[in-house]
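I have placed the structure first, in the form of structure tokens, so that the comments after it can refer back to it.
What follows is calculated from the coordinates using simple rules that are stated; it is not laboratory data. Quick caveat, the model's predicted, so the values are computed rather than measured. As a convention, Cβ positions derive from the backbone with ideal geometry for all residues, glycine included, and neighbour counts pool all protein chains shown.
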Amino acid sequence: MLAQYKTVKQFGVAEIVIKKSRFIGHARPVATEEEAVQFIESIKKEHWSATHNCSAYMIGERDEIQKQSDDGEPSGTAGKPILEVIKNQGLKNVAVVVTRYFGGIMLGAGGLIRAYTDGAVVGLAAAEPVYQVLHREVLIEIDYTWHGKVENELRGREMLMGETMFTDKVTLTCLPLDGEAERFIAWMTDITQGQAVIIPGESRYIEHTKQPSF
């Protein structure tokens, strides 16, 4: 699994007008090619009367799946520019559709490339780029006498936290970066003088609005 990757948070849509033609950029995160195809088809259904619904998507840890469609525009003037925007922004697991309603003025190949590029950019911006960062869940079970000290240490380290459970013991759910989990466990063992019960859990992606520094 990747330590982190950049994608978009949600469905987004935005519109620009270029020489009376409307270009509507739609974007959303997708986990599979099936999701991407379904998304594209849903936009085509919604904008069935549009002149074109051009699209591109990129999926996979190593960008294994890359597809594009000019949907009737001159070859290379729509789908490829949309895909290039996805690549240039460093995004993964994203699908984009740029819908065009023709306004009566021809744009030429260069004008189309710029228009579809700009349509993809505004659509992706509306979908809010985010980072998915791999964290490891680590449970720390301690006596109540250790709670204040451990909580202060975690706060000072700005540790991302999950739920805290209070029973006969205190169980803290900590979420260090996956690559730092072993060092975190060693540090916590030292802090608690070996008196904590530490249970490593599963790795999972957590959304960040800014790129974490490693």
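Just how large is the dipole of the stretch 8-95 about the Cα centre, in debye to the nearest 20, putting +1 at every Lys and Arg Cβ and -1 at every Asp and Glu Cβ?
Charge dipole, the stretch 8-95, about its Cα centre: 380 debye, nearest 20.
Treat every Asp and Glu Cβ in the chain as -1 and every Lys and Arg Cβ as +1, leave all other atoms uncharged, and give the resulting dipole magnitude about the Cα centre to the nearest 20 debye. It would help to have the intermediate numbers written out before the result.
On the way: 23 positive and 29 negative charges, 221 e Å.
It works out to roughly 1060 debye.
Relative contact order for the stretch 100-198 using alpha-carbon pairs under 8 Å, separation at least 6, rounded to a whole percent?
31 percent
Using only Cα atoms, tell me the angle between helix 108-126 and the longest principal axis of the chain; keep it within 0 to 90° and round to the nearest 10.
Computed tilt is about 30 degrees.
Express in nm, to one decimal, how much length is gained between T173 and Y144 on full extension, taking 0.36 nm for each residue of separation and deducting their alpha carbon distance.
Extending this stretch completely gives an extra 8.9 nm.
Which pairs in the list K44/K80; K45/K67; K44/K67; K44/K210; K20/K67; K19/K67 are over 22 Å apart, alpha-carbon to alpha-carbon?
The pairs that break the limit, which is 22 Å between Cα atoms, are K44/K210; K20/K67; K19/K67.
Take each of the peptides 14-26, 149-161, average the number of other beta-carbon atoms within 10 Å over its residues, and list them starting from the highest.
Packing proxy ranking, top to bottom: 14-26, 149-161.
What whole-number value in cubic angstrom gives the convex hull volume per residue for the C-alpha atoms of the chain?
Details: hull volume 28.3 nm³, N = 214.
In the chain, the Cα hull volume divided by residue count equals 132 Å³.
Choose one of G201, W146, L172: the residue whose Cα lies farthest towards the positive end of the charge dipole of the stretch 128-214 (beta-carbon charges +1 Lys, Arg; -1 Asp, Glu; about the Cα centre).
W146
Find the relative contact order for the stretch 3-135 and round it to a whole percent, using C-alpha pairs within less than 8 Å whose residues are 6+ positions apart.
With pairs under 8 Å counted, the relative contact order is 42 percent.
With +1 on the Cβ of every Lys and Arg and -1 on the Cβ of every Asp and Glu, and nothing else charged, how large is the dipole of the stretch 1-47 about its Cα centre, in debye rounded to the nearest 20?
Charge dipole of the stretch 1-47: 360 debye, to the nearest 20.
Just want the answer: with Cβ charges of +1 for Lys and Arg and -1 for Asp and Glu, which residue in A126, F184, L160 is farthest toward the dipole's positive end in the stretch 124-214?
Working it through, the farthest residue towards the positive pole turns out to be A126.
Quick one: pull the percentage of alpha-carbon pairs in the stretch 36-119 with a separation above 19 Å.
The calculated P(r) of the stretch 36-119 puts 34 percent of pairs beyond 19 Å.
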